Amino acid sequence: QVQLMESGGGLVQPGGSLRLSCAASGSIYIMDWFRQAPGKERELVARITNAGSTYYGDSVTGRFTISRDNAKNTVYLQMNSLKPGDTAVYYCHAAISGINYWGKGTLVTVSS
């Protein structure tokens with residue numbers, strides 16, 4: 001059983017920054033950040049392998065950076081130049097042997 005726990009959400013003004021963290025209970029090869037805004041489907045924000053290869057969704061490319069500390073089994077999402085459209089619950093995700101594991105999510109609200 002893999003456990004994922006997110007932290008770091010909160011209220012930030014447009015143009016501001018936040019860093020999210022996701023602590024995993026063990027070593028995971030690929031870890032993702034998804035987000036779900038009210039009334040919208042959950043979408044992939046960013047992905048990172050344990051070798052450091054990354055992928056970003058079009059809406060966050062150039063503003064968000066995913067990174068990881070393999071020694072701590074932790075993945076980070078640095079979010080800069082935040083927009084109101086980034087308001088969502090952000091979830092950490094891992095797929096292992098065909099099973100999807102999700103954290104409980106952390107709310108990010110971008111508002112003045």
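Straight-distance candidates among the lysines for linking to Lys83, with alpha-carbon spacing under 20 Å and chain neighbours fewer than 8 residues away dropped: Lys40. When the solvent-accessible area of the chain is split by element, carbon and sulfur atoms take up 48 percent of it, the probe being 1.4 Å. When trypsin sites (Lys or Arg not before Pro) are flagged only if DSSP places them in a loop and at most 12 other Cβ atoms lie within 10 Å, the longest unflagged stretch of the chain comes out as 41-103.
Report the local net charge at Phe64: Lys and Arg +1, Asp and Glu -1, summed over other residues whose C-beta lies under 12 Å from its C-beta.
Numbers: positive: Arg19, Arg35, Arg47, Arg63, Lys83; negative: Asp58, Asp86.
In short, +3.
Averaged per residue, the chain has 54 square angstrom of accessible surface, using a 1.4 angstrom probe with ligands and nucleic acids left out.
Against the compact-protein benchmark of 2.2 N^0.38 Å, the Cα-based radius of gyration of the stretch 1-67 scales to 1.19. In a shell of Cβ-Cβ distance under 10 Å around Gln36, excluding Gln36 itself, what net charge do Lys and Arg (+1) and Asp and Glu (-1) give? So the surrounding residues net to +1.
The values are calculated or read from the model by the stated rules, or taken from the named source; none is laboratory data. Model, not experiment: these values are computed from the prediction. Positions of Cβ are backbone-derived with ideal geometry, glycine not excepted, and every protein chain shown enters the neighbour counts. We work out accessible area using only protein heavy atoms, side chains counted, and drop any ligands, DNA or RNA first. Shrake-Rupley method; radii C 1.70, N 1.55, O 1.52, S 1.80 Å.
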